[in-house]
Amino acid sequence: MKISKKDALMWFEFFSALPEDEEIMPHQQEIAFAAFAQIEAAVCARRERLKSEIAGLKTLKGRTSFVGSEKKFPRGCCSCLLGNGLSAIRKTNKCNINCKFCYNYGELDCQPPIGEGLWEIGGTKFYQDDIDLLLSIQGKPSGISYVYLEPFMEIEKYYGIIEKFKKAGVHQHMYTNGTLATEENLRALGEAGLNELRFNLGASNCADKVIEAIAIAKKYIPYVGIETPMTPEFFEAFFKKKDRILATGLDFINCAELHLNPNNIGNYEGENLYMARRGYISPIWSRELTLKFMKIADDEQWDIVVHDCSNDTKFARDLNLRAHEGGWFGASNYGCEFPAIPYEAFLPVLRDETFTFEEEEELPAGYRPGDIVL
């Protein structure tokens with residue numbers, strides 16, 4: 001059903017008033033899912049208009065979109081979208097800053113440790129000396145990434161394991177907010193064999209010292225880029241320092257569509273949100289800002305890749321990973337990150353008079369006010 005915005009708002013106000021532990025009935029679920037589909041259809045239509053304005057828009061085998069030279073497309077993303085997945089290696093359970101878009105917002109001080117001398121790979125704990133055994137038994141991954149939370153908090157622990165995977169010929173990339181990067185530790189990472197370093201430049205609001213670290217990193221590490229959730233704050237800060245950032249010689253910018261979870265959603269209260277395929281919940285402005293960002297990059301012919309790392313991209317990523325794992329047709333772990341749908345979070349977009357549905361129709365009998373809906 002193509003529910004009207006007015007009816008969707010009426011029902012979502014009702015759903016929002018229900019006790020948290022009360023599930024809505026199947027007919028009510030139909031109404032809720034119809035409303036989400038209407039919001040998403042309107043969001044997609046707006047995006048298609050923005051995409052049509054980007055003359056140089058390209059795709060990576062239909063799995064994601066970007067502008068710029070294919071030669072600079074991040075190899076870690078190729079591993080994620082085309083290879084046999086991206087194995088995350090977890091070590092550091094601490095961070096030195098607190099970002100409102102962080103998925104661990106409000107819980108940074110209580111993240112469980114991996115264990116002294118241990119690394120978490122695929123949910124299993126390994127010592128560094130176990131890596132040779134792991135590589136001799138299981139198939140070599142096309143790429144690995146160092147995540148969780150800020151590796152530069154104890155970066156000296158990473159050099160040895162990076163050397164292990166370098167000898168095995170595995171592409172390795174790392175994420176950092178860059179505030180603790182120095183010439184010394186960046187040189188050491190390059191010498192150990194790190195292939196790719198990604199700076200979350202939005203975490204420091206495009207701080208000058210992080211921009212300097214990007215330039216230094218390019219001296220020692222083959223591929224250096226930015227990967228940041230696209231927010232209005234990052235968009236504004238980037239363009240204030242655009243020329244200086246581009247002059248660092250970086251290779252790519254991954255504009256991640258911000259998606260929310262129970263930890264960080266409170267920081268975006270009142271924003272217009274949508275749900276992608278009844279999975280990730282995101283502010284509508286995030287990917288729209290990315291597409292505007294990409295158009296500027298394309299119009300000005302920046303000598304880098306700007307990658308639209310959207311919810312669609314993450315959906316393709318999961319399909320690719322499950323396929324390489326031998327999953328059944330259609331298998332994916334993509335889904336909603338909330339234990340229950342936060343209906344109240346969608347009231348702002350339904351109350352926004354400037355946000356319109358593409359097509360509306362009256363509710364069918366049995367779903368109208370006064371009808372019993374089970």
*For the chain, just run the numbers: alpha carbon Rg, then divide by 2.2 N^0.38 Å, N being how many residues it has.*
1.06
*Charge dipole magnitude, Cβ of K and R +1, D and E -1 - segment 170-305, Cα centre, debye nearest 20*: 160
_Evaluated at q = 0.13, 0.19, 0.22 Å⁻¹: base-10 log I(q)/I(0), Debye formula over Cα of segment 157-250_ = -0.42, -0.82, -1.03
*asked:* Kirkwood hydrodynamic radius, segment 216-260, all distinct C-alpha pairs: what's the number in Å?
replied: 11.6
*Regarding segment 217-315, what are the three Cα extents along the principal axes, ordered largest first, in Å?*
41, 25, 23
_Rounded to 10°, Cα long-axis angle of helix 311-324 versus longest principal axis of the chain_ = 60
*Dipole in debye (nearest 20) - the chain, about Cα centre, beta carbon charges: Lys, Arg +1; Asp, Glu -1*: 1480
_Heavy-atom accessible area per residue - the chain, 1.4 Å, Å²_ = 47
*Round to a whole number: what % of the accessible area of the chain belongs to carbon and sulfur, probe 1.4 Å?*
50
*Among LEU50, LEU363, LEU149, residue whose mean-square fluctuation peaks in a GNM of the chain (springs only between Cα atoms under 10 Å)*: LEU363
_Loop trypsin sites (Lys or Arg not before Pro), segment 1-79, which have at most 12 other Cβ atoms in a 10 Å radius of their Cβ (DSSP)_ = LYS61
*Using only the Cα atoms of segment 1-158, construct the convex hull and provide its projected area averaged over every direction, in square nanometres to one decimal.*
15.4
*Cα to Cα, under 29 Å, and not fewer than 8 places away if on the same chain: which lysines meet these conditions relative to LYS100?*
LYS51, LYS91, LYS157, LYS209, LYS218, LYS240, LYS241, LYS242, LYS292, LYS295, LYS314
*To one decimal place, what orientation-averaged projected area in nm² is obtained for the convex hull of the Cα set of segment 1-93?*
11.2
_Distant alpha-carbon pairs in segment 243-374 (separation over 19 angstrom), percent_ = 66
*asked:* As I understand it, the dipole of segment 151-270 uses +1 on the Cβ of Lys and Arg and -1 on the Cβ of Asp and Glu, about the Cα centre. Which of ALA168, ILE211, ILE221 lies farthest toward its positive end?
replied: ALA168
*Cα-derived Rg over Rh, computed across segment 280-335 with Rh taken as Kirkwood radius*: 1.13
*Positive-end extreme of charge dipole, segment 297-374 - chosen from GLY335, GLY370, ILE304 (charges on Cβ)*: GLY335
*Are there chymotrypsin sites (Phe, Trp or Tyr not before Pro) in segment 304-374 that DSSP marks as loop and that have at most 14 other Cβ atoms within 10 Å, and which are they?*
TRP328, PHE329
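The values are calculated or read from the model by the stated rules, or taken from the named source; none is laboratory data. Remember, it's a predicted structure, so these values are computed and weren't measured experimentally. Note: ideal-geometry Cβ built from the backbone for every residue, glycine included; neighbour counts use all protein chains shown. Heads up: the accessible areas ignore ligands, DNA and RNA and are worked out on the full protein's heavy atoms, side chains in. Shrake-Rupley method; radii C 1.70, N 1.55, O 1.52, S 1.80 Å.
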